[in-house]
Amino acid sequence: MAEDVSPGAFTLVELLIVITVIGILATLAVANFARLRANAKRAACIAQQRGALEAAYNYTIDFDPPDGNMNISTLEDGGYVAENLCECPESPVEDYDDYVIIWQDDLPIDVDCLIRGDDHSWQP
């Protein structure tokens, strides 16, 4: 004799299918969110490097820096950049010295991220 199932009830198989589909969608959403968050941090780091390069040009007007590398904390100490511009969004420590400015022929030519290196590189 067949078991009587009311028309509004779900079977165990239907519930398992729904739970599986929800799990797959949740996995895709979390993976997509993590990727978007990483891309946003990378974009913020590049924007900060561009701002640091502009500040380095202003620093050049007031001083004659030697060729080589200079930590961004020098610009922050002189008031050329805000403290938050000196920090990569992916930095594990708030030390405000995550970028290095490269000088050549008395001009800043590049800003490098010390936290992620080539992953956060850009073309000035």
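Where a number appears in this text, it was derived from the coordinates with a stated rule and is not lab data. In this text, all values refer to a predicted model and were calculated from it rather than measured experimentally. Glycine gets a Cβ as well: all are built from the backbone with ideal geometry, and neighbour counts include every protein chain shown.
Ranked by how many other Cβ atoms sit within 10 Å of their own Cβ, fewest first, the residues Trp122, Trp103 fall in the order Trp122, Trp103.
At q = 0.15 Å⁻¹, what log₁₀ I(q)/I(0) does segment 32-111 have when each alpha carbon counts as one equal point scatterer in the Debye sum? For segment 32-111, the Cα-only Debye profile gives -0.51. The angle between the Cα long axis of helix 12-62 and the longest principal axis of the Cα atoms of the chain comes to about 10 degrees, rounded to the nearest 10.
The relative contact order of the chain comes to 24 percent, based on Cα pairs under 8 Å that sit 6 or more residues apart.
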